[in-house]
C-alpha cells in the first residue's frame, strides 16, 4: 500500500534557483552560507539572475562564485568596488553587486568603497562584518572590537594603540551618492529576516537608478574567534550589536531625495 503524504510534512523549504546545488565548504557555524542564501533569494525575487554580474574580492567572500549561479569577477584585494564600477559603466544594462568582508572592504579597499559611494555608482554592496581577517589567519581587522584578541593583537585591541573599530555603514550613509545604507545581523531568525529586507532595498536602489546601495551584515567566524556556532551568535548579540547598532542609516527613497539623485546622474 502506497504511503500517503501528510499535508504537514510537505516540503516548504527549498533551495533558491539562483543557488548552485553543492555542499558548502565554509567552517561549521560560519554565516557566509546564510548570507549567500539571502542574496540568492533576493536575486530570484527580483528576477535578475540572468542579468547579474557579481564581483567578489579576496578573503572567504571570494568563494561566492561557487554558490551563486551568476557571472562573476574576482577582483584584487579591496578593489571590488573599482572593478564593479568598471563593469557597470561598460555594461549599464547589467545588475552588478559586490560581496566583501571587513578586512577587505574596510582596510585595503577603504578608498575604493568611499569613492564609489560618493560618486553614487549604480552598484550594490553586501558587506560581511565578522570583526576579523577570516581567511588569512585571524589578524586584527579595522572592525575588530576593543579588547578583542587576534593573531596581531594578542593582548586585545587597544584604543590608544590601534584606535576605535570603524563603523562603515555610518560612514557610507553620509556620502552624497549613497541611496541606501543599512546594517543587519545574521545571529537570529528575526534579524535574518530583517537583513533580507535590507538586501532587497540595497538592490532596489540600483535597479531604479537612484544610486549606491550598501548593506552590512554582522556575522561570526567560529574558527578564528575560537567559539562555537551558538557562542558566535551570542557574541554578535551581546558585543557586536551594541557597538554596531542595527537599522537603516540612509534611505533616499524614504526621505524623498532619490529624485534629485536620478536627475543628477548620467
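Worth a mention:
- For the stretch 145-173, a residue qualifies if it is in a helix (DSSP H, G or I), modelled with pLDDT under 95 and surrounded by 15 or more Cβ atoms within 10 Å (Cβ to Cβ), and exactly one does: 162.
- Of all residues making up the stretch 213-239, the number that are surrounded by 24 or more Cβ atoms within 10 Å (Cβ to Cβ) and touching a strand residue (DSSP E or B) at 6+ places or on another chain (Cβ under 6 Å): 8
- Entry remark, the stretch 220-238: residues being at pLDDT 95 or above and within 30 Å of residue 115 (Cα to Cα) number 1 in total.
- Hits in the stretch 50-66 (condition: touching a residue at least 12 places away in the same chain (Cβ under 8 Å) and surrounded by fewer than 21 Cβ atoms within 10 Å (Cβ to Cβ)): 51, 52, 53, 62, 63, 66
- Single residue of the stretch 180-202 satisfying the filter (in contact with a helix residue (DSSP H, G or I) (Cβ under 8 Å, 6 or more places away or on another chain) and part of a helix (DSSP H, G or I)) that is surrounded by the most Cβ atoms within 10 Å (Cβ to Cβ): 195
- From the list 137, 176, the lone residue that is more than 19 Å from the chain's Cα centre (by Cα), farther than 20 Å from residue 221 by Cα and outside any strand (DSSP E or B) is 176.
- When residue 205 is tested against (1) part of a helix (DSSP H, G or I); (2) surrounded by fewer than 22 Cβ atoms within 10 Å (Cβ to Cβ), exactly one condition is not met: (2).
- Hits in the stretch 76-133 - residues which are touching a helix residue (DSSP H, G or I) at 6+ places or on another chain (Cβ under 9 Å), free of Cβ contacts under 8 Å to residues at least 60 places away in the same chain, surrounded by fewer than 24 Cβ atoms within 10 Å (Cβ to Cβ) and in a loop (DSSP other than H, G, I, E, B): 76, 77, 78, 79, 93, 94
- Identity of the residue in the stretch 40-49, in a helix (DSSP H, G or I) and out of contact with any helix residue (DSSP H, G or I) (no Cβ under 6 Å at 6 or more places or on another chain), that ends up surrounded by the most Cβ atoms within 10 Å (Cβ to Cβ): 40
- Scanning the stretch 231-246 for residues that are in contact (Cβ under 8 Å) with a residue 60 or more places away in the chain and closer than 17 Å to residue 35 by Cα yields 232, 246.
- Checking residue 73 against (1) over 13 Å from the mean Cα position of the chain (by Cα); (2) modelled with pLDDT under 95; (3) not in a strand (DSSP E or B), the condition it does not meet: (3)
- For the stretch 79-98, a residue qualifies if it is closer than 22 Å to residue 129 by Cα and touching a strand residue (DSSP E or B) at 6+ places or on another chain (Cβ under 8 Å), and the qualifying residues are 80, 81, 83, 84, 96, 97, 98.
The values are calculated or read from the model by the stated rules, or taken from the named source; none is laboratory data. Everything quoted here is computed from the prediction, not taken from an experiment. Cβ: placed from backbone, ideal geometry, glycine included. Neighbour counts: every protein chain shown.
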